[in-house]
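J.: Please read through the structure below; I'll follow up with questions.
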Amino acid sequence: MGSVLNLSSTALLCVTILLILLATLFWTKRKGDDSIVEDEEEEAHGDVFRGTWESLPGGYQLICKPSALANWLRRDIQRLSYLDSNHCWWKNWPHLQTVIQHLLPADRILELARDHLQMTDGGIVALDWVVGPRPSSRPRRSTNTVVNPPLLLLIPNSFGKMTRNLQKLSLQALEEGYYPVIFNRRGQNDCPLTSPKFQAFGDPADLKEAVTYIRFKHPSSLLFAVSEGLGSGLLLSYLGECGSSSYITAACSISPVFRCQEWFETGLTCFYEWALLLYQKVILSRYSTALAEVLPTDKLFRSSSLQEFQKLLFCPTSSESISWESYWERNDPLRDVDEVAVPVLCICSTDDPIRGLPEATLPIELFRTNPYFFLLLTHHGGHCGFLTGSLESWSHEVTLHYFRSITDFFCVEEKTRGQSRRQSSNMIGRLRRATLQRRERPRHTDPEEIFSWKRSYTR
């Protein structure tokens, strides 16, 4: 045990030193150009977001199409007092927030129960049900021992990284009575690769079968979905392709990347490009021998960019390959966005160093015109950061509060419709009775004629 603790302490120290070095580097680079960048961003944001910014506590903005649900969410979000408490010194450091959420380990390790699902083509995906650790101090709103707890489906980024952000969201959801389940793609997070095929970026076929299995195990539970970063491409593809048959009550995307083809083609800064590329190569190195039969693994492991890596993995140069453009026609997350039929909240920051500049990467018109999409936009937060002074992410609270708010809205709407239907039926009944009474009013007042009935018999 002592060696494990020493190893953990050493790893944490190394990570801390790396964070300090990165923070110093970014601060030195930013210090001279800070005022220029702020002026440029403010001018650009003023042009792009003019007429769409609705003030919320702490400078947060909700961009959406006016509707009854939008008004409900706006009033509900304004009650969240912790949105106005983000005054930590690192809020102006988006790179630091991003690195903390992706490199630092979570405070508690998740206890998982894994289900392996075999797909129709023989491939395997994994569902990790979060069963612990149980909360010790914070009181729970409910318990997972109830008959039909709400389910929370978590979709990590496309690289399969289970970040500190998602782990802490899983724990908080467990404390609040949800039953979290994590979707793991083929070959990711120790999920075995039994067929020489990986899941394409926006192909929801495996997710469809996983949701079908979840619904089979818990047919009476509400199902909510959360995605993070590039994992939002899979969630949006699923919602668009399934439409009103998605079985999901509401969804939330934390720091989503919308224009994914442009994202791969533009590339990232050297540090992020190198880190993400190295992470994928380490995962694929486990299957290098098997993949060598169907993929040019020598070129794959020598690739120097995410775009080149993605091309070699899904668009190999063979007679059966597809072009880069054709690949994204099939995998663009927004290809069927008009078919989405459930509320989707997207939590984004304008200083996201992974997604890029908001005026070029955020589809503002989608939120202005589609009543199912809501954009909660903040000036600070980095990529999946949104840290408070205690290193907790306020996006967790917003996500779970949003799901409760959506549930309450649907309940109120259902009651209102039920009352309207009852009032309408009662009114129709009264009108019918009054009409019948007027039509059947007897013309004679003689009691013998009034009660003069003729009985008829039928065989």
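The values are calculated or read from the model by the stated rules, or taken from the named source; none is laboratory data. All of these numbers come straight from a predicted model, not from anything done at the bench. Counting neighbours? That spans all protein chains shown, and the Cβs are built from the backbone with ideal geometry, glycine included. Remember, those area values only see protein heavy atoms, side chains included, never the ligands or the DNA or RNA. Shrake-Rupley method; radii C 1.70, N 1.55, O 1.52, S 1.80 Å.
J.: Within the bounds of the range 169-176, is there any residue that is crowded, with 24+ Cβ neighbours inside 10 Å, in contact (Cβ under 8 Å) with a residue 24 or more places away in the chain and part of a strand (DSSP E or B)?
T.: no
J.: Name the residues in the range 54-104 that are modelled with pLDDT under 70 and assigned to a helix (DSSP H, G or I), would you?
T.: 57, 58, 59, 81, 82, 83, 84
J.: Turning to a different aspect of this structure: Scan 201, 183 and give me the residue that is crowded, with 20+ Cβ neighbours inside 10 Å, in a strand (DSSP E or B) and aromatic (Phe, Trp, Tyr).
T.: On inspection, the qualifying residue turns out to be 183.
J.: Among the helices (runs of 4 or more DSSP H) contained in the range 358-459, which hold 2 or more residues that are at pLDDT below 55 and over 19 Å from the mean Cα position of the chain (by Cα)? It would help to see each step written out before you state the result.
T.: On the way: elements: 358-361, 364-369, 394-439, 447-450.
In the range 358-459, 394-439, 447-450 are the helices (runs of 4 or more DSSP H) which contain 2 or more residues that are at pLDDT below 55 and over 19 Å from the mean Cα position of the chain (by Cα).
J.: Which condition from (1) buried (at least 24 other Cβ atoms within 10 Å of the Cβ); (2) part of a helix (DSSP H, G or I) is the one that residue 263 breaks?
T.: (1) is the only condition that residue 263 fails.
J.: Limited to the range 255-266, what total is found for residues that are of a type in the set (A, V, I, L, M, F, W, C) and either over 16 Å from the mean Cα position of the chain (by Cα) or within 20 Å of residue 205 (Cβ to Cβ) (or both)? Lay out the reasoning, then the answer.
T.: Restricting attention to the range 255-266, the residues satisfying the condition of being of a type in the set (A, V, I, L, M, F, W, C) are 257-258, 260, 263-264.
Applying the additional criterion that residues be either over 16 Å from the mean Cα position of the chain (by Cα) or within 20 Å of residue 205 (Cβ to Cβ) (or both) yields 260, 263-264.
Summing the residues that are of a type in the set (A, V, I, L, M, F, W, C) and either over 16 Å from the mean Cα position of the chain (by Cα) or within 20 Å of residue 205 (Cβ to Cβ) (or both) in the range 255-266 gives 3.
J.: Being over 14 Å from the mean Cα position of the chain (by Cα) and surrounded by 18 or more Cβ atoms within 10 Å (Cβ to Cβ) is the filter; apply it to the range 204-232 and report the residue that is nearest to residue 284 (Cα to Cα).
T.: Residues of the range 204-232 that are over 14 Å from the mean Cα position of the chain (by Cα), as a first pass: 204-206, 208-222.
This time we only want the ones that are surrounded by 18 or more Cβ atoms within 10 Å (Cβ to Cβ), so: 204, 206, 210-211, 214, 221-222.
Values: 204: 21, 206: 19, 210: 23, 211: 26, 214: 28, 221: 36, 222: 35 Å.
Only one residue fits best here, namely 206.
J.: Tell me, please, whether a residue that is on the phi < 0 side of the Ramachandran plot and either buried (at least 20 other Cβ atoms within 10 Å of the Cβ) or at pLDDT 95 or above (or both) can be found in the range 187-194.
T.: Here is the first cut: in the range 187-194, the residues on the phi < 0 side of the Ramachandran plot are 188, 191-194.
Narrowing the set further to residues that are either buried (at least 20 other Cβ atoms within 10 Å of the Cβ) or at pLDDT 95 or above (or both) leaves 188, 191.
Yes: one or more hits.
Let's see how each residue does on (1) of a type in the set (S, T, N, Q); (2) free of Cβ contacts under 8 Å to residues at least 40 places away in the same chain; (3) open to solvent by 20 Å² or more (accessible area, probe 1.4 Å); (4) in contact with a strand residue (DSSP E or B) (Cβ under 6 Å, 6 or more places away or on another chain):
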site: 368; (1), (2), (3), (4): no, no, yes, no
site: 374; (1), (2), (3), (4): no, no, no, yes
site: 381; (1), (2), (3), (4): no, no, no, yes
site: 389; (1), (2), (3), (4): no, no, yes, no
site: 394; (1), (2), (3), (4): no, no, no, no
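J.: In the range 244-254, is there at least one residue being over 16 Å from the mean Cα position of the chain (by Cα), more than 30 Å from residue 94 (Cα to Cα) and either among the small types (Gly, Ala, Ser) or open to solvent by 10 Å² or more (accessible area, probe 1.4 Å) (or both)?
T.: Just the residues of the range 244-254 that are over 16 Å from the mean Cα position of the chain (by Cα), to begin with: 244-245.
Now narrow it down to the ones that are more than 30 Å from residue 94 (Cα to Cα): 244-245.
Filter again for either among the small types (Gly, Ala, Ser) or open to solvent by 10 Å² or more (accessible area, probe 1.4 Å) (or both), leaving 244-245.
Among the residues of the range 244-254, at least one is over 16 Å from the mean Cα position of the chain (by Cα), more than 30 Å from residue 94 (Cα to Cα) and either among the small types (Gly, Ala, Ser) or open to solvent by 10 Å² or more (accessible area, probe 1.4 Å) (or both), which makes the answer yes.
J.: Still on this structure: Just give me the residues in the range 204-254 being farther than 15 Å from residue 158 by Cα and either in a loop (DSSP other than H, G, I, E, B) or of a type in the set (Asp, Glu) (or both), in sequence order.
T.: 209, 218, 219, 220, 221, 222, 241, 246, 247, 248, 249 - these are the residues of the range 204-254 that are farther than 15 Å from residue 158 by Cα and either in a loop (DSSP other than H, G, I, E, B) or of a type in the set (Asp, Glu) (or both).
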